[in-house]
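Values in this text are rule-based calculations from the coordinates and carry no lab data. This structure is a prediction, so every number in the text was calculated from the model and none was measured. Virtual Cβ from ideal backbone geometry, glycine too; neighbours counted across all protein chains shown.
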Amino acid sequence: MSDGIDLLLRRAGFGATAVELSAARQAGYDAALSALVAPPGPDVGAMSAPIPNLGPDAYAGKRDLTYEEKVKLEDLRTAQTEQITQWWLNRMTVASHQAVEKLVFFWHGHWATSVKKVRSPQLMLQQHRTLRSAPDFKAMSRKMVTDAALNHYLDGHLNTRQAPNENLARELFELFVLGIGQYTEKDIKEAGRALTGWRFSLTKGSSVFDPRAHDAGSKNILGRRGHFAADSLVELLLTQDACPRFIAARLWYRYGSATEAIPGRLQDKMVQAFPKPLDMLRALFGDEAFHATGGTMVKQPVEWFVGAMRQLGLRPSNLPPETRKRVLRDLESLGQLPFAPPNVGGWPAGGAWLTSAAAQVRLRLAGTLAEHVSVSSLTPENLAYLLCVERWTNRTYNVLRGTQDRRLLLILGLVSPDYLVT
């Protein structure tokens with residue numbers, strides 16, 4: 001028996017290798033959990049995938065461009081967007097600190113921002129650095145409220161004292177910090193005024209504040225009156241009792257269950273660990289409620305792909321250039337491409353990933369991976385070991401056992417319910 005270690009490693013990271021799983025079983029659950037949420041030393045694996053340096057945005061400092069010049073700049077932006085997307089998939093795959101890496105991906109879905117609207121890969125990468133470097137949720141929120149990519153994505157640059165725009169304020173309350181039902185429409189309107197005056201600068205690669213566009217008047221937000229601006233607004237939100245409870249529930253939704261509400265007792269334990277997200281995850285993974293969720297979550301496409309790459313000993317950067325492009329197209333077809341969530345609510349969870357259309361794409365992507373793996377001696381038994389599947393169900397095992405084509409055997413294992421559901 002795995003004593004829950006299999007479940008822990010599948011949920012906390014992108015998918016343990018057989019060697020990592022064996023080592024964790026030897027160490028025991030408590031030691032394995034500590035190693036995940038408080039990893040010692042630098043991330044050795046990630047050192048082979050440093051954050052790319054893109055230089056300034058293609059449009060930075062440029063004016064009065066011809067059509068042909070704009071086409072070239074758009075092509076450059078497209079290439080750089082592919083570069084950072086491939087880089088992050090590679091980083092996810094090689095990172096030694098898997099729980100840390102997956103948490104960054106969680107935050108990307110939480111503060112969902114898409115390069116398809118932002119357009120600038122530089123601004124997206126700057127946001128990524130913020131999500132990666134913030135020591136806790138409070139520090140992250142203070143940075144994100146004026147983040148250039150988020151500001152652009154939610155039309156913050158259109159928010160002026162003459163014409164307040166409520167998009168960023170609404171999502172800050174509803175999706176990012178407090179949750180539905182913790183505010184009134186009046187609070188949203190007043191918060192919109194507090195956030196006026198921020199712009200994004202492609203030249204600086206960050207947000208800039210224009211005091212002439214800021215509404216410096218008094219506002220009444222959540223029962224408090226004051227001359228709120230971006231920084232004091234987020235400080236007010238962070239003091240609300242609803243804030244840590246909301247973040248605990250969001251972590252549970254992605255790591256525990258997408259269908260069952262977080263148990264109140266566990267939520268209380270996680271609130272005590274707020275604002276440190278890894279400490280909140282320690283409480284989550286250490287609770288009996290988490291152990292009862294095995295076999296109830298469907299892997300998101302990125303989790304599935306990165307986990308398969310890790311377990312098969314592959315890394316995206318070593319794939320041929322055309323294959324890397326094909327991988328990005330297939331992930332987009334599956335509905336989950338890093339740096340491009342579908343909307344501000346982020347990606348769905350659960351059965352949303354189990355459509356017939358997704359199954360076809362997953363088969364194709366599994367076939368792509370199988371092209372780069374030696375399968376000559378593959379059997380259902382050693383495939384289970386390789387993919388860290390504790391045991392195949394009888395139905396899956398009968399299909400795999402009857403498959404003579406070794407490459408097809410691998411493909412079927414990768415798309416099997418036993419591998420997709422965790």
Mind ordering 162-171, 223-232 by average Cβ neighbours within 10 Å, highest first?
-> 162-171, 223-232
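First check a/c for the stretch 270-422, with a ≥ b ≥ c the square roots of the eigenvalues of its C-alpha gyration tensor; if it is under 1.5, answer rounded, and if not, answer prolate when a/b is larger than b/c or oblate otherwise. Don't jump to the answer; show the numbers that get you there.
On the way: a/c = 1.89, a/b = 1.33, b/c = 1.42.
It is oblate, given that a/c is not under 1.5 and a/b is not larger than b/c.
If we count every other residue with Cβ under 15 angstrom of Phe228's Cβ, Lys/Arg +1 and Asp/Glu -1, where does the sum land? It would help to have the intermediate numbers written out before the result.
Details: positive: Arg142, Arg161, Lys186, Lys189, Arg193, Lys219, Arg224, Arg225; negative: Glu166, Asp187, Glu190, Asp215, Asp231, Glu235.
Cβ neighbours under 15 Å give a net charge of +2.
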Simple Cβ-charge dipole of the chain, Lys/Arg +1 and Asp/Glu -1, about Cα centre, in debye nearest 20 | 500
For the chain, calculated [θ]222 nm from helices alone, where every DSSP H run of n ≥ 4 adds -39500 (n - 2.57) = -16000 deg cm²/dmol
Candidate aspartates and glutamates - alpha carbon under 20 Å from Lys117, same-chain residues fewer than 8 apart omitted | Asp57, Glu74, Asp75, Glu82, Asp147, Asp155, Glu166, Glu171, Glu332
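Just flag the GluC sites (Glu not before Pro) in the stretch 360-420 sitting in loop per DSSP whose Cβ has no more than 15 other Cβ atoms within 10 Å. Walk me through the intermediate numbers first.
Numbers: sites: Glu371, Glu381, Glu390; in loops: Glu371, Glu390.
Loop-located and lightly packed - Glu371, Glu390.
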Taking R0 as 35 Å and r as the Cβ-Cβ distance between Ala38 and Val399, the FRET efficiency 1/(1 + (r/R0)^6), rounded to the nearest 0.05, comes to 0.30
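Given R₀ = 22 Å, what would the calculated FRET efficiency be for Leu314 paired with Ser377, taking r from the Cβ atoms and rounding to 0.05?
On the way: r = 18 Å, r/R0 = 0.80.
E between Leu314 and Ser377, to the nearest 0.05, is 0.80.
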Amide H to amide H, which residues 5 or more places from Ser201 or on other chains are under 5 Å from it, using H placed in the peptide plane?
-> Ser206, Ser207, Val208
If you add up the charges near Met144, with Lys and Arg at +1 and Asp and Glu at -1, over every other residue whose beta carbon is less than 13 angstrom from its beta carbon, what do you get?
-> +1
Return the single residue from Leu158, Leu236, Leu89 with maximal mean-square fluctuation; model: Gaussian network over the chain, springs between Cα atoms under 10 Å.
-> Leu236
Does anyone have the angle between helix 264-273 and the longest principal axis of the chain? Alpha-carbon axes, 0 to 90°, nearest 10?
-> 70
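Give me the net charge for the shell around Gln267: Cβ to Cβ below 13 angstrom, other residues only, Lys and Arg +1, Asp and Glu -1.
On the way: positive: Arg245, Arg250, Arg265, Lys269; negative: Asp241, Glu260, Asp268, Asp287.
Value of the local net charge: 0.
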Separation of alpha-carbon centers, the stretch 191-227 and the stretch 275-291, rounded to whole Å | 35
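Sort the chain into rounded, prolate or oblate with this rule: let a ≥ b ≥ c be the square roots of the eigenvalues of the Cα gyration tensor; rounded if a/c is under 1.5, and if a/c is not under 1.5, prolate when a/b is larger than b/c, oblate otherwise. Each step should come with its number before you reach the end.
Working: a/c = 2.26, a/b = 1.43, b/c = 1.57.
Since a/c reaches 1.5 but b/c is at least a/b, the shape of the chain is classed as oblate.
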Hey, which lysines would be in cross-link range of Lys72, C-alpha to C-alpha under 16 Å, not counting anything within fewer than 8 residues on its own chain?
-> Lys62
In percent, what relative contact order does the chain have, based on Cα pairs under 8 Å that are 6 or more apart in sequence?
-> 19
